[in-house]
Amino acid sequence: MSENANVQKIVPFEGSKLSKKEQIATMFDDIAYRYDFLNHFMSLGIDIIWRKKALRYLKSLQPKHMLDVATGTGDFAIMAEKRLHADKIVGIDISEGMLTHGREKIKKLGLGDKITLQLGDSETISFPDQTFDAITVAFGVRNFENLEKGLSEMRRVLKPGGKLVILEFSNPTVFPIKQLYNSYFRYITPLIGKWIAKSQAAYSYLPESVKAFPQGEAMRIILTNTGFQAVTCKTLSFGICSIYCATR
């Protein structure tokens, strides 16, 4: 079984007749109102440090036109605007619920002229070839229904020499971080999801999707086979998170 087929089998709602993509959209619509709080709460705020480190990979490029895929409530797009000062950032996501919350944040911050959030699918990105200088994805690629198709689409809309930066959870291998991490993800995370977001399914899906997702060298090979060049992988926080950087 291919890595992508294995990822596709992991869905939020077992037994549902909806496709993985439809289930993901429904799941995020349901938890959108508590998503930002839960992200920071469950990672103890470390996710903010991870995002900052990921954006450093784009600093020398000084991108002017950026795309943030699986943008959710726009957190990464907002941080990118503050740190990279791009002229225009477009965020796309399949969850209208998440986008609604994101647009409210962007409006309050007065960034409506710089950041636009719109409904969009990573597998059928509605922009012409070679549109963007840089593309970011934070904690979203493991939710793609077809990983290779999503990566190919991102490469298509990236300009030659442009960079893709992916931030994603991974499985630590070092004792005792591995054991603590697995216990936290397996037992604590679903309870927090049930208590705060009223969605145990969403936060039970999280550890399963991370476990099934190709990581490290496996993900680097997939990116290379998709046509990307100079692919690198940097692990953070004892392997809890990884940054993949690739050039078109």
> What are the residue pairs meeting all of these: first residue in region 16-31, first residue part of a loop (DSSP other than H, G, I, E, B), second residue hydrophobic (A, V, I, L, M, F, W, C), Cβ atoms under 9 Å, and 6 or more apart or on different chains?
Replying inline: Leu18/Val11; Leu18/Ala25; Ser19/Val11
>> From the list Gly162, Gly140, Gly150, Gly102, exactly one residue is touching a Leu at 6+ places or on another chain (Cβ under 6 Å), among the small types (Gly, Ala, Ser) and surrounded by 15 or more Cβ atoms within 10 Å (Cβ to Cβ). Which is it?
In response: Gly102
> Of all the helices (runs of 4 or more DSSP H) wholly in region 89-192, which have at least 3 residues that are at pLDDT 95 or above, over 23 Å from Cys241 (Cβ atoms) and of a type outside the set (Asp, Glu)?
Replying inline: 96-108, 147-157
> Among (1) at pLDDT 85 or above; (2) surrounded by fewer than 19 Cβ atoms within 10 Å (Cβ to Cβ), which single condition is Ser242 missing?
Replying inline: (2)
> If you check Lys9 against the conditions, is it more than 23 Å from Ile192 (Cα to Cα) and modelled with pLDDT under 75?
Replying inline: yes
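I'd like the full set of residues that are buried (at least 16 other Cβ atoms within 10 Å of the Cβ) and closer than 22 Å to Glu208 by Cβ, limited to region 165-191.
Across region 165-191, the qualifying residues are Ile166, Leu167, Glu168, Phe169, Ser170, Asn171, Pro172, Tyr181, Phe185, Thr189, Pro190.
Does Gln130 satisfy being open to solvent by 50 Å² or more (accessible area, probe 1.4 Å) and touching a Pro at 6+ places or on another chain (Cβ under 8 Å)?
Answer is yes for this residue.
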>> Name the single residue that is least open to solvent (accessible area, probe 1.4 Å) among those in region 111-127 being out of contact with any helix residue (DSSP H, G or I) (no Cβ under 8 Å at 6 or more places or on another chain) and not hydroxyl-bearing (Ser, Thr, Tyr).
In response: Gly120
>> Which count do you get for residues in region 86-136 that are under 23 Å from Phe37 (Cβ atoms), in contact (Cβ under 8 Å) with a residue 60 or more places away in the chain and β-branched (Val, Ile, Thr)?
In response: 3
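Confirm whether Val210 is within 21 Å of Gly45 (Cα to Cα), open to solvent by less than 30 Å² (accessible area, probe 1.4 Å) and either hydrophobic (A, V, I, L, M, F, W, C) or modelled with pLDDT of 95 or more (or both). Spell out the reasoning first.
Values: within 21 Å of Gly45 (Cα to Cα): yes; open to solvent by less than 30 Å² (accessible area, probe 1.4 Å): yes; either hydrophobic (A, V, I, L, M, F, W, C) or modelled with pLDDT of 95 or more (or both): yes.
Judged against the criteria, Val210 is a match.
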>> Among the residues of region 34-55, are any more than 28 Å from Pro207 (Cα to Cα), open to solvent by 50 Å² or more (accessible area, probe 1.4 Å) and either at pLDDT 95 or above or over 16 Å from the mean Cα position of the chain (by Cα) (or both)?
In response: no
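The values are calculated or read from the model by the stated rules, or taken from the named source; none is laboratory data. If you're wondering where the values come from, they're calculated on a predicted model, not measured in any experiment. Note: ideal-geometry Cβ built from the backbone for every residue, glycine included; neighbour counts use all protein chains shown. Side chains included, ligands, DNA and RNA excluded: accessible areas come from the protein's heavy atoms. Shrake-Rupley method; radii C 1.70, N 1.55, O 1.52, S 1.80 Å.
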